[in-house]
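First the structure, in the form of structure tokens, and then the observations on it.
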Amino acid sequence: MASVHDSGPDGCYSCDCNAALTDLPPRQRILVGAGWRVAHAINCALPGWLVVIARRHITTVAELDAAEATEMGLVTWRLSRALTEVTGCAKTYVAAFSEAAGFTHLHVHVVPRAHGLPADEQGPAVFTHLRRPAAEWVPEGTMDDLAGALAARIAAQP
Ligand SMILES: [Zn+2]
């Protein structure tokens, strides 16, 4: 069985970040477990959009071992509760595609779905928030503030 310290191919952004874990800013290490690391999505126009990133370089859910799969369920559950408390969202969307060039490393999106989200941005259309101009991206300071609030909520969970 592969270890969590397996390095991925050159040029994998997720592996590069996993390898530099202790140097990452708060927005890149909201929650770190044995199998997963949680970060705020980059280049994203929706505050609180989180990604749960595998600690080792795999590209499909089918490659997870039982412990990683169990942890994935618990992590998405904890994040969903924390996002609901911190952002006031109605619910969370959870999805894994790992299709974009350079981002095939397995990651699970956990997206706060706001009560007032326009109909044309609901469901899969919420991904429009990952295709906005840079001027609309969530600022790093805002991501770090959210990261702190979410981490505090998670730490207080039973
Ligand atoms: Zn990787």
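The values are calculated or read from the model by the stated rules, or taken from the named source; none is laboratory data. A quick note: this is a predicted structure, and the numbers were derived from the prediction, not measured. Cβ: placed from backbone, ideal geometry, glycine included. Neighbour counts: every protein chain shown. What goes into the accessible areas is simple: the full protein's heavy atoms, side chains included, and nothing from ligands, DNA or RNA. Shrake-Rupley method; radii C 1.70, N 1.55, O 1.52, S 1.80 Å.
Things to note:
- For the chain, C17, C44, C89 stand unpaired, since no other cysteine beta carbon lies under 4.7 Å from theirs.
- The range 109-120 - phi-based ³J(HN,Hα) in whole Hz, Karplus 6.51/-1.76/1.60, Gly and Pro as x: 7, 10, 10, x, 9, 5, 4, x, 4, x, 4, 7
- Of G35, G11, G48, the one that fluctuates the most in a GNM where the chain has Cα springs shorter than 10 Å: G11
- By accessible area, using a 1.4 Å probe on protein heavy atoms only, the chain has 58% of its surface on carbon and sulfur.
- C-alpha long axis of helix 140-156 to longest principal axis of the chain, angle in °: 80
- For the chain, the solvent-accessible area with a 1.4 angstrom probe is 51 square angstrom per residue.
- Remark: relative contact order (the chain) = 29 percent; criterion is Cα-Cα distance under 8 angstrom and separation of 6 or more residues.
- Of V110, V52, V86, the one that fluctuates the most in a GNM where the chain has Cα springs shorter than 10 Å: V86
- Debye intensity ratio I(q)/I(0), log10, the chain, q values 0.12, 0.16, 0.17 Å⁻¹ (C-alpha model): -0.49, -0.90, -1.02
- Neighbourhood net charge (13 Å Cβ-Cβ; Lys/Arg +1, Asp/Glu -1) for H129: 0
- The chain: calculated mean residue ellipticity at 222 nm from DSSP helix runs of at least 4, using -39500 (n - 2.57): -9500 deg cm²/dmol
- Largest GNM mean-square fluctuation among I53, I30, I42, using the chain with Cα springs under 10 Å: I42.
- Given their separation in residues at 0.36 nm each and the Cα-Cα distance between them, K91 and E140 gain 15.2 nm when the chain is fully extended.
- Semi-axis lengths, Å, the range 14-81, gyration tensor of Cα atoms, sqrt of 5 times eigenvalues: 19, 15, 11
- Residues with amide H under 5 Å from that of W36, placed H, sequence gap 5 or more: R55
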